[in-house]
Amino acid sequence: MTAVLQAQGLGKRYSRHWALTDCTLDIPAGRVVGLVGPNGAGKTTLLSLAVGMLAPTSGSIEVLGGRPGASPAQLAKVGFVAQGTPTYAGLSVTDHLRLGARLNPGWDDALARDRTGRLGLDPARRAGNLSGGQRAQLALTLGIAKRPELLILDEPVAALDPLARREFLQGLMEAVAEQELSVVLSSHLVADLERVCDYLIVLVDSRVRVAGEVEELLATHHRLTGPHRDPTRLPADQHLVAASHTDRQTTLIIRTDAPIHDPAWTVGQISLEDLVLAYMNKPTHTDTGRNDRPALEVQR
Amino acid sequence: MIEFHLDDRSGLSPYLQLVRQVRQALRLGLLRKGDQLPTVKDVVARLAINPNTVLKAYRELEHEGLVAARPGVGTFVTATLADASLAAHDPLRQELRRWLAKAHRAGLDEESIEALFMTTFRTAAQEDIA
């Protein structure tokens, strides 16, 4: 299967500030990718590079085998729902669909009408008079009816109440089930994405901290608790992600493919949320300093 | 037809929760041979989960010989779990009750009993694998 997004040493600088640094990714097609990180981590920058609204300062990025935004064919393959799921406040629902049909060669009008109908969106109503959830659904409809191979959504549910959030993700997943659609969506809350994504990228301070299949991430990360000890003396195949200590006890989050044999540790599973938080926290500065930094493991 | 639900605090992956809910329904006789499972699209639209999660659960059930997919139609139950093992439940439950009473007499409280059971259960399961 071809990669949906490939980046090599990708970086973007705004005057003196690097919004994204040394980003290397290889995302297989057919996934629902969650891009998680705190506000200001560089999520929007990465997504804007992927749709071609920004050009890289360094490195390269390929989306579905082509350069983002390079040709009309490339533009038709990638759908983008920008932050805040924007719509035109003065245009009606019908106007939006008409606009979508004019601007997109692969427009699926039947799908768009069916979706707005099922959502109960009044065709004559202006977008400015819709609720936040309805506006988001309208923006999603435009993204889906374009029939892209890849749909990119920037923080689509951040502004929605829990019910609208659920309904939005239901609609999105339904589209994934019906069409052969890859999705990349960002959020600063992993809880929003936990059910829907099967591939996760954690972006912190303009760097990719970890990326991979959710299932593999969960299977290879463990919480170890035991008597106080120096975490730098872990076996070579155990990769330290986070460590915390009391005078008696040490708790570590490690990544390893190998079984953990040391009987001094109580080994526990961690949730996706804990995993993301462990990577989001600043690396622990123990005596060895930098050696403890989690490596930017991407694809194996 | 059954309806799936997800418990975010169960600690089980969503795919495993779906598999277990089908097995449970089969054990309790809620699902019988020939019954149809909800379509992937229905499950996805209801639970807002990744379609691959549902597909994986259905493949696992198919692998276990419990269901079969009919392309373009749906996934149907082909076996039952409400079988002979159901008859064994009663005597096992009685034995477990006696064991619990013993544990109480030995001074174990509920948490200690649960901890003892779970560690023994896990060790036994691991030894089976090894």
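All of the numbers you see were taken from the coordinates with simple rules; none came from a lab. Being a predicted model, the structure only gives us computed values, none of them experimental. Glycine also receives a Cβ, built like all others from the backbone with ideal geometry; neighbour counts cover every protein chain displayed.
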Q. At each listed q (0.17 Å⁻¹), what is the log10 of I(q)/I(0) that the Debye formula gives for region B:84-129 modelled as equal alpha-carbon point scatterers?
A. -0.64
Q: Rounded to whole Hz and in sequence order, give me ³J(HN,Hα) for region A:209-220 from the Karplus expression 6.51 cos²θ - 1.76 cosθ + 1.60, θ = phi - 60°, writing x for Gly and Pro.
A: 8, 7, 8, x, 5, 4, 4, 5, 4, 5, 6, 9
Q.
Taking a ≥ b ≥ c as the square roots of the Cα gyration tensor eigenvalues, with a/c under 1.5 meaning rounded and otherwise prolate when a/b beats b/c, else oblate, which class fits the protein assembly as shown?
A. oblate
Q: For chain B, with a Gaussian network of springs between Cα atoms less than 10 Å apart, report the residue from B:Glu114, B:Glu60, B:Glu95 with the top mean-square fluctuation.
A: B:Glu114
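Which order do A:Asp114, A:Asp198 fall in if you start with the one that has the fewest other Cβ atoms within 10 Å?
On the way: A:Asp114 13, A:Asp198 20.
Placing the least packed residue first, the sequence is A:Asp114, A:Asp198.
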Q) Between rounded, prolate and oblate, where does region A:219-292 land on the alpha carbon gyration tensor, with a ≥ b ≥ c its root eigenvalues, rounded for a/c under 1.5, else prolate if a/b exceeds b/c? A) rounded
Q) Along each of its three principal axes, how wide is the spread of alpha-carbon positions in chain B, in whole angstrom units, largest first? A) 59, 32, 30
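Given a cut-off of under 8 Å on Cα pairs at least six residues apart, what relative contact order in percent is computed for chain A? Write out the running numbers ahead of the final one.
Details: 588 pairs, mean separation 58.8, N = 300.
Reported relative contact order: 20 percent.
Give the relative contact order (percent, whole number) for region B:12-85; include only Cα pairs under 8 Å separated by 6+ residues. Please report the intermediate quantities before stating the final value.
Values: 87 pairs, mean separation 30.3, N = 74.
For region B:12-85, the relative contact order is 41 percent.
Per the helix-only calculation at 222 nm, which mean residue ellipticity applies to the protein assembly as shown, given -39500 (n - 2.57) for every DSSP H run of n ≥ 4 and division by its residues, nearest 500 deg cm²/dmol? Before the final figure, lay out the partial values.
Working: 14 runs with 164 residues, N = 430.
So the helix-based figure for the protein assembly as shown works out to -12000 deg cm²/dmol.
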Q) Can you list the HN-Hα couplings for region A:243-255, worked out from phi with the Karplus curve (6.51, -1.76, 1.60; θ = phi - 60°), rounded to whole Hz and with x for Gly and Pro? A) 9, 9, 9, 10, 5, 10, 10, 10, 10, 10, 10, 10, 10
Q: Give me A:Arg209, A:Arg166, B:Arg122, B:Arg20 ranked fewest to most by other Cβ atoms within 10 Å of their Cβ, as a rough exposure proxy.
A: B:Arg122, B:Arg20, A:Arg166, A:Arg209
(Q) Give me B:Lys56, B:Lys41, B:Lys33 sorted ascending by neighbouring Cβ count inside 10 Å, so fewest comes first. (A) B:Lys33, B:Lys41, B:Lys56
Q.
Just to confirm the number: angle between the C-alpha axis of helix B:51-63 and the first principal axis of chain B, 0 to 90 degrees, nearest 10?
A. 70
Q. What number, in percent, do you get for the relative contact order of region A:219-292 if the mean sequence gap of Cα pairs under 8 Å and at least 6 apart is divided by its residue count?
A. 37
Q.
Please list, in order along region B:32-41, the HN-Hα scalar couplings obtained from phi with the Karplus expression 6.51 cos²θ - 1.76 cosθ + 1.60 (θ = phi - 60°), rounded to whole Hz, x for Gly and Pro.
A. 10, 3, x, 5, 9, 7, x, 5, 3, 4
Q. When N is the residue count of region A:3-205, what does its C-alpha Rg come to as a fraction of 2.2 N^0.38 Å?
A. 0.99
